[in-house]
Amino acid sequence: MERYRVRPGTTVDLASVDPADRSGFDGDKHAAKELLRAYRKRLAELQRVFWADGSHALLVVLQAMDTGGKDGTIRKVLAGVNPQGVDVTGFKKPSEEELAHDYLWRVHRHAPARGRIGVFNRSHYEDVLVVRVLGLVPEERWRRRYDHINAFERMLSDEGTRIVKFYLHISKEEQKRRLEARLQDPTKLWKFNPSDLDSRARWDDYRIAYEEALARTSTDIAPWYVVPADRKWYRNLVVARTLIDHIEALDPRYPAATVDPERFVVP
Ligand code: AMP
Ligand code: MG
């Protein structure tokens, strides 16, 4: 999955990444489903030992344009994991109270505890994305935020949090299909938000904002992955495999015995 990682200090050109790419897997959709099943099982095993070990937290950041598949990724990739060990936080438009604080105030309190997996469905990155595109704060303010974010993530990492960030990369045509599907399917209509069309109209502004955010904040301790996401099954495989790789790299272990089982009999 290394091919999708944004190397620190490089520029990002999203036009050069094909949202329909599937070059990391040579099977068909059916084979992909089988493999995802295996990945889910592996993630469930890893989560159990990760929790038991309790020495690290895992923070997963998901960002995408509307309909990019953040919800679907959470549903499909984490389906096998014990819900008790996962905290999913969705970041919406900040409340009045949140706006009265610095932009990281509402974020930090949702950072996962050791042993837990925290998933951010949107995140502090909105504060250099939508905030930039809509001009919600002056440029001199949002420009400083890349450094704040890098320092914040460095702190979390130093204190035991593994950070993995995914940008789910869909094409503008695929977004059109997905928005139309929402309009046509009564079970999806509730997800249609007319303001998604305003964001769609600013597609290129968002692309530029994403390119700069990804380039400036992909670090060794908190890497970004640009995930081809027009094909949901491929997106799921890339995210699942990347998470497995990151948890395995932490090498979680069940704690060593503190009692001698030979000395106890359960009456
Ligand atoms: P959704 O994820 O579709 O439920 O929509 C959440 C909305 O909240 C999106 O339009 C985001 O752009 C918006 N949002 C999230 N964080 C912020 C933020 N810090 N400032 C302004 N809007 C935000
Ligand atoms: Mg939405």
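Working carefully through the options 113, 100, 151, find the one that is surrounded by fewer than 14 Cβ atoms within 10 Å (Cβ to Cβ) and touching a residue at least 24 places away in the same chain (Cβ under 8 Å). Quick ask: steps written out before the conclusion?
On the way: 100 fails: touching a residue at least 24 places away in the same chain (Cβ under 8 Å); 151 fails: touching a residue at least 24 places away in the same chain (Cβ under 8 Å).
When all the criteria are applied, what remains is 113.
Kindly check whether there is at least one residue in the stretch 88-95 that is surrounded by 20 or more Cβ atoms within 10 Å (Cβ to Cβ), within 11 Å of ligand 1 (Cβ to nearest atom) and either under 30 Å from residue 32 (Cα atoms) or without any contact (Cβ under 8 Å) to a residue 40 or more places away in the chain (or both).
No; the residues of the stretch 88-95 include none that is surrounded by 20 or more Cβ atoms within 10 Å (Cβ to Cβ), within 11 Å of ligand 1 (Cβ to nearest atom) and either under 30 Å from residue 32 (Cα atoms) or without any contact (Cβ under 8 Å) to a residue 40 or more places away in the chain (or both).
Out of 68, 80, one residue alone is surrounded by 16 or more Cβ atoms within 10 Å (Cβ to Cβ), modelled with pLDDT under 95 and on the phi < 0 side of the Ramachandran plot. It is 80.
Just to be sure before I move on: is residue 225 of a type in the set (Ser, Thr, Tyr) and either open to solvent by less than 10 Å² (accessible area, probe 1.4 Å) or not in a loop (DSSP other than H, G, I, E, B) (or both) in the structure I sent? Even if it seems obvious, please write down each step before you answer.
Details: of a type in the set (Ser, Thr, Tyr): yes; either open to solvent by less than 10 Å² (accessible area, probe 1.4 Å) or not in a loop (DSSP other than H, G, I, E, B) (or both): yes.
Considered against the rule, which asks whether it is of a type in the set (Ser, Thr, Tyr) and either open to solvent by less than 10 Å² (accessible area, probe 1.4 Å) or not in a loop (DSSP other than H, G, I, E, B) (or both), residue 225 comes out as yes.
Has the stretch 38-58 got any residue that is within 16 Å of residue 121 (Cβ to Cβ) and either open to solvent by less than 10 Å² (accessible area, probe 1.4 Å) or touching a residue at least 40 places away in the same chain (Cβ under 8 Å) (or both)?
yes
Restrict the check to the stretch 233-248 and report whether at least one residue is over 14 Å from the mean Cα position of the chain (by Cα), surrounded by fewer than 16 Cβ atoms within 10 Å (Cβ to Cβ) and closer than 30 Å to residue 28 by Cβ. Checked against the condition, which is being over 14 Å from the mean Cα position of the chain (by Cα), surrounded by fewer than 16 Cβ atoms within 10 Å (Cβ to Cβ) and closer than 30 Å to residue 28 by Cβ, the stretch 233-248 yields at least one hit. When the stretch 112-136 is filtered for residues that are hydrophobic (A, V, I, L, M, F, W, C) and in contact with a Phe, Trp or Tyr (Cβ under 9 Å, 6 or more places away or on another chain), the ones remaining, listed by number, are 117, 120, 128, 129, 130, 131, 133, 136.
Where helices (runs of 4 or more DSSP H) fall entirely within the stretch 1-119, those with at least 1 residues that are aromatic (Phe, Trp, Tyr) are at 29-53, 105-108. Listed conditions (1) open to solvent by less than 60 Å² (accessible area, probe 1.4 Å); (2) more than 16 Å from ligand 2 (Cβ to nearest atom); (3) among the β-branched types (Val, Ile, Thr) are all met by residue 73, apart from (2). Residues considered: 174, 180, 126, 212. Of these, the only one that is more than 16 Å from ligand 2 (Cβ to nearest atom) and either in a helix (DSSP H, G or I) or in contact with a helix residue (DSSP H, G or I) (Cβ under 7 Å, 6 or more places away or on another chain) (or both) is 212.
For the stretch 191-214, filtered to residues that are closer than 24 Å to residue 7 by Cα and aliphatic (A, V, I, L, M), the residue that is surrounded by the most Cβ atoms within 10 Å (Cβ to Cβ) is 213. A search for C-beta distances below 6 Å between a residue of the stretch 121-138 that is open to solvent by 40 Å² or more (accessible area, probe 1.4 Å) and at pLDDT 95 or above and any residue that is within 15 Å of ligand 2 (Cβ to nearest atom) and assigned to a loop (DSSP other than H, G, I, E, B), counting only pairs 6+ apart in sequence or on different chains, returns 122/91.
Scanning the stretch 228-265 for residues that are part of a loop (DSSP other than H, G, I, E, B), farther than 21 Å from residue 52 by Cβ and free of Cβ contacts under 8 Å to residues at least 12 places away in the same chain yields one hit, 265.
Suppose the filter is open to solvent by less than 20 Å² (accessible area, probe 1.4 Å), of a type in the set (S, T, N, Q) and away from ligand 1 (no atom under 14 Å from the Cβ); does residue 217 pass it? When the stated conditions are applied, residue 217 passes them.
The values are calculated or read from the model by the stated rules, or taken from the named source; none is laboratory data. This is a predicted model, so every value here is computed, not measured. As a convention, Cβ positions derive from the backbone with ideal geometry for all residues, glycine included, and neighbour counts pool all protein chains shown. Areas reflect the complete protein model, heavy atoms only, side chains present, ligands, DNA and RNA absent. Shrake-Rupley method; radii C 1.70, N 1.55, O 1.52, S 1.80 Å.
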